[in-house]
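Here is the structure we will look at.
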Amino acid sequence: MNTTVVNHVEEKIVSIELDSIRLQAEIVLPKNCQGMVIFVHNSGIGRYSTRNRYLAHLLRQTAGVATVQIDLLTPQEEAIDLRSKHCSSNVQFLAKRLTDATKWLLEYPFTSNLKIGYFGEQTGAGAALLAAAENSTLVGAVVSCSGKTCLTNETLSSVKTPTLLIVGENDLPAIPTNEDIIKQIPTADKELKIVQNASRQFKESGALEEVARLASHWFKQYLSDVSYSQSSTNLYESLHKSYANTVTDKPMTTSK
């Protein structure tokens, strides 16, 4: 394990041992962090993704959470997956790895006292929702970004964890998919947010910052005992003043 401390932020590179394999992860712990968010990457995107590291940085700044960037595949599996896509497209496989890694983190001395949230993108969002459905007591909140999932209605109806779905306005195939997902999830603590003028990758100016703002608000609400602060809102206003009023709430069905 390698540890670096800069400006009261502790960074640990760890090997998560699960049965006969080891997964590499980067854990970044701000001082007095209130919870921990595990990133569940889309296929082909690892923990060194500049985009995801930027998102993690914003979450730490505004939600006060620790972040975990983890490779759910071993290097050998990644090499095979480049050709077959067997592992990265297997939601059940990824959800099992995610659950096992979560349990490891709950026993790791530096993170054992932190509430856990998942931030999943595309296929990774499906794995995050499945892991949350099967282990509702372990997971405090889920954020799905551009989520695409092959989960059955029965599985989605087992999701009891507070869930936020985020999609871009121009990601037309994802909108009806996520509208259906939100209807199937029974918890009252659920929302679907559509970011205007944004594509699936949120590459447009200010779009990624808006995703981070929405996710930070959600994690702050469900992983922390402290309410979302005005200072956090002010920080994001400085990041994207030109991107104000760009989120549309979609109606949702709440199970009775």
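A short reminder: the numbers here are calculations on the coordinates, not readings from a lab. The structure displayed is predicted, hence computed values, not measured ones. Backbone-built Cβ (ideal geometry, glycine too); neighbour counts: all protein chains shown.
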per DSSP, antiparallel bridges as share of beta bridges in the range 50-175, % nearest 5, sits at 0 percent
Under unit Cβ charges (Lys, Arg +1; Asp, Glu -1), what dipole magnitude, rounded to 20 debye, does the range 2-249 have relative to its Cα centre? 220 debye
Which residues among the range 95-131 fall inside the zone where the amide N is under 20 Å from a point 7 Å beyond the Cα of Arg53, along Cα→Cβ? 119-121
What are the ³J(HN,Hα) values, in whole Hz, obtained from phi via the Karplus relation 6.51 cos²θ - 1.76 cosθ + 1.60 with θ = phi - 60°, for each residue of the range 121-130 in sequence order, with x given for Gly and Pro? 10, 6, 4, x, 5, x, 5, 5, 5, 5
With θ set to phi - 60° and the Karplus curve 6.51 cos²θ - 1.76 cosθ + 1.60, what are the ³J(HN,Hα) couplings of the range 19-33 in order, to the nearest whole Hz, using x for Gly and Pro? 6, 9, 10, 10, 10, 8, 9, 10, 10, 10, 10, x, 4, 6, 5
Residue by residue, what Karplus-based ³J(HN,Hα) values in Hz, rounded to whole numbers, does the range 203-210 have, using 6.51, -1.76 and 1.60 with θ = phi - 60° and x for Gly and Pro? 7, 5, 4, x, 5, 5, 5, 5
Protection-proxy order for peptides 89-97, 77-85, each taking the mean of Cβ atoms within 10 Å per residue, highest first: 89-97, 77-85
